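A short worksheet on the structure shown next.
The values are calculated or read from the model by the stated rules, or taken from the named source; none is laboratory data. Since we're looking at a predicted model, the values are computed, not measured. Backbone-built Cβ (ideal geometry, glycine too); neighbour counts: all protein chains shown. Quick note on the areas: whole protein, heavy atoms, side chains included, nothing else; ligands and nucleic acids left out. Shrake-Rupley method; radii C 1.70, N 1.55, O 1.52, S 1.80 Å.
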Amino acid sequence: MFFKNLKIISLVLTNIIFSYSVSLASNNDDCRNSSYYVKNIKVDLTKKSIVEARKLAEDKAKLFGLKTLLNKLTLRNKKIKFKNLEVLQLVDYLKINSEANSNTRYVANFDICFNRKLIIEYFHKNKIQYAETYRKPISILPVFKGPRGVIIWDEKDPWYLKWKTAIKSSEGLVKFSLAKGNLKLSRRIRSNLINVSNKDLISKLINLEKSEELLVVIAEPVLKNDGKTFLSTYAKIYNKNGILENTLYRNKTPLKTTTSLYNIDQTLLNQEVLNIKNSIEKNWKKDNLINSSIINEVELIIPISSYKSTRLEAPFLFNDKIIKVKSTDGFLDEGVIEIEKEVIFYKKKNSKNFEHLKRGLLKSNSKIEYNVNTILIQKDITLWPFVLNTLKSLPFVKEVKVISISTLKGMVVVRFIGNKKTFFQAAKEKKMIFKDFNSQQYILNSKF
């Protein structure tokens, strides 16, 4: 009886939680964490009146913000022209971070939240592929290998400063952070970075930064035997174990003179930082593009945790307000239990009792008396609605349909726009890892 009603209880809880989450999705705080939020748009306009200057400044900020958003989410190089009215309709709200004005001049800094639904509708209408899934942050370690030796974590080093500035102003789907290290580890890394391959040190640095990967970006001026000089730049990514996964970027740029070895052109360094950043962001978008012309579906298996059980410590009568048991260890603080064929809700528990009871739920039958040692059981269904809610909130998901639920697992079909790789990557970002169960189904990692 209890397990037959489990589906009803699960779906009720799911609908409540999902409705609540949808209402929260419109909150400003939620937009600040989304791919559709553009920050720090600076405007400075002078017109005949402050009213005109402010109005034009806001319109200019919205248009610039939209162009920034398109550059962030799409690979399309073709210029897209928007009418002013279209731009206004695509904006949810504009946040003023700072502003100053005179009678004719208006200076401000804005954040803009764009309406995700309307932006995606525009992408679909114009058959534009896009990505909106953030990558887990990558720690960046800039290394400059100059004639005077290896330079690392030096605030006066131009290569380090260029990366620091670029990371601070980064607006892409790939999040970067500058690896800081600590005094002891920094000394060890400095003395071992000649070949940038010490697994132990790389692993310790990644763990210290609480990151998943480390990108070592190296700039090295080189003098060849024929007297020609060039700047060699490359980027190598390491995993948590300190093992080199891939070389993501490599380039050689000729230098004008031999003396350039000691004084690298700042513009060249700037360009190489942008090249490396753009290369990583472009590859991430390519791997996570949502093709609006492709509708896919997957069948997912969601395991349900094994139930808890205990036994009555004393007889439980039809008019009792407390259930006395041997132990409530492992039971939810508030939940539903079954004793024989009766389903009971309890509001409170302590180590030996279930209290504040509502009996005979879902038209289940109550007995006049349950004897000592009668078994009580509880199925922990909290994971089930949480997973469904998370799946529904994933980018580009069109439908999540429950097809079955039992005492051990639930099965759902998820319909979505794009390919399976993109879907499972988005699920992974939410810490849901699905493994291939067979050729048709995927099962949720039980450690979720």
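Descriptive notes on the structure:
- Yes/no for F316 being over 30 Å from A235 (Cβ atoms), touching a residue at least 40 places away in the same chain (Cβ under 8 Å), surrounded by 13 or more Cβ atoms within 10 Å (Cβ to Cβ) and aromatic (F, W, Y): yes
- In the stretch 117-146, the residue that is surrounded by the fewest Cβ atoms within 10 Å (Cβ to Cβ) out of those that are charged (D, E, K, R) and closer than 27 Å to A166 by Cβ is K136.
- Subset tally (residues that are in a loop (DSSP other than H, G, I, E, B) and more than 23 Å from K210 (Cα to Cα)) for the stretch 228-239: 1
- Residues that are modelled with pLDDT of 90 or more, within 23 Å of the chain's Cα centre (by Cα) and closer than 22 Å to L178 by Cα are absent from the stretch 227-235.
- Considering the stretch 240-283, the residues that are open to solvent by 30 Å² or more (accessible area, probe 1.4 Å) and assigned to a loop (DSSP other than H, G, I, E, B) include one that is nearest to L178 (Cα to Cα), namely K240.
- Selection count, the stretch 97-116, where residues are open to solvent by 80 Å² or more (accessible area, probe 1.4 Å) and assigned to a strand (DSSP E or B): 3
- For I167: the one exception among (1) open to solvent by 60 Å² or more (accessible area, probe 1.4 Å); (2) under 30 Å from L394 (Cα atoms): (1)
- Residue match in the stretch 340-351 (condition: closer than 30 Å to L118 by Cβ and of a type in the set (S, T, N, Q)): no
- Qualifying residue in the stretch 332-342 (condition: out of contact with any Ser or Thr (no Cβ under 9 Å at 6 or more places or on another chain), without any contact (Cβ under 8 Å) to a residue 40 or more places away in the chain, exposed (fewer than 14 other Cβ atoms within 10 Å of the Cβ) and of a type outside the set (S, T, N, Q)): yes
- Considering K348, K282, K277, K286, the condition of being more than 30 Å from Y370 (Cβ to Cβ), touching a Phe, Trp or Tyr at 6+ places or on another chain (Cβ under 9 Å) and basic (K, R) is satisfied by K277 alone.
- For the stretch 200-227, taking the residues that are over 24 Å from V174 (Cα atoms) and in a helix (DSSP H, G or I), the one that is least open to solvent (accessible area, probe 1.4 Å) is identified as L201.
- Checking each residue in the stretch 343-385 for being among the charged types (D, E, K, R) and either in contact (Cβ under 8 Å) with a residue 40 or more places away in the chain or surrounded by fewer than 19 Cβ atoms within 10 Å (Cβ to Cβ) (or both) picks out K347, K348, K352, E355, K358, R359, K363, K367, E369, K379, D380.
- Scanning the stretch 19-73 for residues that are modelled with pLDDT of 90 or more, out of contact with any Asp or Glu (no Cβ under 9 Å at 6 or more places or on another chain), of a type in the set (S, T, Y) and open to solvent by less than 70 Å² (accessible area, probe 1.4 Å) returns a single hit, S49.
- Lone unmet requirement of (1) under 36 Å from the mean Cα position of the chain (by Cα); (2) open to solvent by 80 Å² or more (accessible area, probe 1.4 Å) for S406: (2)
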